[in-house]
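Structure record follows, encoded as C-alpha cells.
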Amino acid sequence: MSFFDELNAFSNSPLQQVSLFQQWLAERPLALFDELRLHVPILQLPGLAVVTKYCDVADVLARDQEFGVPDYAKKMHRATGDFFLGMEDGPDYEREVSIMRLASNRQDLTRIAGDLQAWIDEVIAAKAAGGTLDVVGDLSRRVPGRLVSEYFGASGMPDALLLDCLRALFRDIFANPGDDPVVRDAAATASSALCAHLDNLVETQTAQMHQGAALADTVLSRCVGMSTVPETSFEQAGIRRNIAGLIVGTVDTTSACVANVLDYLLGNPGILDKAITAAREGTLDDVRGYVYEALRFKPQAPTLLRTASVDAVLAAGTARAITVPAGTTVVVCLMSGMFDPDQFPAPTAFDPQRPERDYLHFGSGMHRCFGRHINRLQLPMIVRAILRLPGLRRAAGADGEMRLDGPFPNRLIVEFDTARS
Ligand code: HEM
C-alpha cells in the first residue's frame, strides 16, 4: 500500500496521520519521499509542513529570519549554556561564531589531518593481529573523542565518561522531542560533570597564562589567550559554553556517519569492491566521493527541523506554493532533496562522482555545520582505514549487524585477514 493510501484511511484523525508520517520516515524514508516529491511536494499535516524538493529545502534553510531553529536554544541553555546553533541571526550570533572561527580555523586542517592519521593508525596497529574490529567502539567514536580532547582541548576526563556525557547531552538536545524526563535527567548529570571539568580547565589555564606558562595549543587554550583582548573575550562562562557546544556535535555525528557508510557498503558488495579499490589506489577525494554518496542512501540526519516565526510562503511563485502559519514546524527533508532528480540526476544510481557542493549532509544556510571542513577529512580518513583492511567483511551473525542505542549506532563488528590467517 502506498503512503497516501494509508494516509487517506486516517482522513478523520489528523494525529494518526502525523504518527503515520513519522512511522514511514523511520522505516521507509525513500519510498515516502519519492511519493511526496511526485504527488505532494509540500505536505501539510496538523502543525507540520513537510518539504521534499531540493530547491524548497535549500530555500527554507536560506530563510533563517522566517524559519528559525527549533527549541535547541532552551535545551542548550539548560545543558551547557547558550550556544550559537540555538541563536537567531544578529550581533550575538555574529560575535560568538566569529570568535570561535578564529579559535578553530582552517589553517588547523594540516595539523588535524596528521593527528587523525596517527590516532587511526594506532587503533589499526593495535587490532591488526586480532582480525576483528568494532567500527564504532574502536574507531568511529574513539577518533573524534581524541579530537575533542587533544584539538578542542577538553582533555583530562576519562575517555568513557567524556563520550557518555557528550552522548547524553546530544540525545537530550537533538533526539528528545517529547522532553522525556529520563533523557533530561541523564543530560543534567552529564552537564554537571562536563561543565565542572571545562570550567576547571579554563580557570587553571587562565592562571597558568597569567604566570607566563606556555599552554598546549588547543581551541580552548586559544580562547583563554584571546580573553585578554576585549574584542575576542567572552564573559566568565563563555569559553565553556562555546567549547561544550562544539564538542557535543563532534563525536556521535561523526560516528553515525562512519557506521552508516560502512553498513551501506558492506550491504552492497559491488560498490564495496570499488570503494576498496579507491581506498587502496585512489586519493582521499576519491574515498570522500564514496562516503558522501553512501551517506545519501543512509544519512546521519535525514531531516532537519525549522519553526516558522511568521506566516510564511513556501515555494513562492510555483504551483505548489502554500502559506504556513507562524509556529508551524517545517520538516526539511535533506535526504529527499538529495534524491530529487532535478538536482541529482539518476538519483537511485550510486555515483561517487557527484559534485560535492550538492550534498546536504552538513545542512545549509546560516547554521551550516561548523565542523564541515574537519568532516571532509575525518570521515573519509576513518572509512579509508577500514576499507584498507585485507579481506574486509561483516562479522558473522548478530555481531555483524549494526546495533543501536536509540538513534546512535553503538556497535558494528567487521572481520579481516591477519598475517597469520
Ligand atoms: C568536528 C565535528 C563537528 C563539529 C565541531 C560540528 C559542529 C557544528 C555546529 C557548531 C553547528 C551549528 C553551526 C551554526 O549554528 O552556525 C553544526 C551544524 C550542523 N552539523 Fe555539525 N559538527 C561536526 C560534525 C558533524 C557531522 C559529522 C555531521 C554529519 C552529518 C554534522 C551535521 C550537521 C548539520 C546537519 C548541521 C546543521 C544543523 C541545523 O541547521 O539545524 N556535523 N555542526
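The values are calculated or read from the model by the stated rules, or taken from the named source; none is laboratory data. Just so it is clear, the model here is predicted, and its values are computed rather than measured. We place every Cβ from the backbone using ideal geometry, glycine too, and count neighbours over all the protein chains shown.
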**OP:** Return yes when Leu116 is within 30 Å of Pro390 (Cβ to Cβ) and within 11 Å of the ligand (Cβ to nearest atom) and no when it is not.
**Re:** yes
Original post:
Say we look at region 103-128 and pick out the residues that are surrounded by fewer than 13 Cβ atoms within 10 Å (Cβ to Cβ) and touching a residue at least 60 places away in the same chain (Cβ under 8 Å); which of these is nearest to the chain's Cα centre (by Cα)?
Top reply: Arg106
**OP:** Of all residues in region 325-349, count the ones that are in contact (Cβ under 8 Å) with a residue 60 or more places away in the chain and either outside the structural domain of Gln117 (by TED's automatic domain parsing) or within 23 Å of Trp24 (Cα to Cα) (or both).
**Re:** 14
Original post:
Out of region 286-295, which residues are in contact (Cβ under 8 Å) with a residue 60 or more places away in the chain and more than 11 Å from the ligand (Cβ to nearest atom)?
Top reply: Asp286, Val287, Arg288, Gly289, Tyr290, Glu293
Subject >> Any hit, region 367-385, residues being more than 13 Å from the ligand (Cβ to nearest atom) and in contact (Cβ under 8 Å) with a residue 24 or more places away in the chain >> reply: yes
**OP:** Evaluate the following for Gly289: is it within 23 Å of the chain's Cα centre (by Cα), within 27 Å of Val136 (Cα to Cα), part of a helix (DSSP H, G or I) and not acidic (Asp, Glu)?
**Re:** yes
Subject >> Members of region 20-39 found to be free of Cβ contacts under 8 Å to residues at least 40 places away in the same chain and among the basic types (Lys, Arg), listed by number >> reply: Arg28
**OP:** Being in contact with a Lys or Arg (Cβ under 9 Å, 6 or more places away or on another chain), closer than 14 Å to Asp56 by Cα and small (Gly, Ala, Ser) is the filter here, so list the residues in region 281-321 that pass it.
**Re:** Ala312, Ala315
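Here's the yes/no breakdown for (1) within 16 Å of the ligand (Cβ to nearest atom); (2) within 23 Å of Gly391 (Cβ to Cβ):
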{"site": "Ala256", "(1), (2)": "yes, no"}
{"site": "Asp263", "(1), (2)": "yes, yes"}
{"site": "Leu304", "(1), (2)": "yes, no"}
{"site": "Ala312", "(1), (2)": "no, no"}
**OP:** Could you check region 24-79 for helices (runs of 4 or more DSSP H) lying wholly inside it with 1 or more residues that are at pLDDT 95 or above and buried (at least 22 other Cβ atoms within 10 Å of the Cβ)?
**Re:** 29-39, 54-62
Original post:
Do the conditions hold for Arg101, that is, is it touching a helix residue (DSSP H, G or I) at 6+ places or on another chain (Cβ under 9 Å) and within 13 Å of the ligand (Cβ to nearest atom)?
Top reply: no
Subject >> Scan of region 366-390 for residues that are more than 19 Å from Thr253 (Cβ to Cβ), out of contact with any strand residue (DSSP E or B) (no Cβ under 8 Å at 6 or more places or on another chain) and part of a loop (DSSP other than H, G, I, E, B), ordered by number >> reply: Arg388, Pro390
Subject >> Failed item, numbered, when Lys53 is tested on (1) of a type outside the set (Asp, Glu); (2) under 20 Å from Met381 (Cβ atoms); (3) in contact (Cβ under 8 Å) with a residue 60 or more places away in the chain >> reply: (2)
**OP:** Would you please name the residue that is farthest from the chain's Cα centre (by Cα), looking only at residues in region 368-421 that are basic (Lys, Arg), surrounded by 15 or more Cβ atoms within 10 Å (Cβ to Cβ) and within 30 Å of Gln107 (Cβ to Cβ)?
**Re:** Arg384
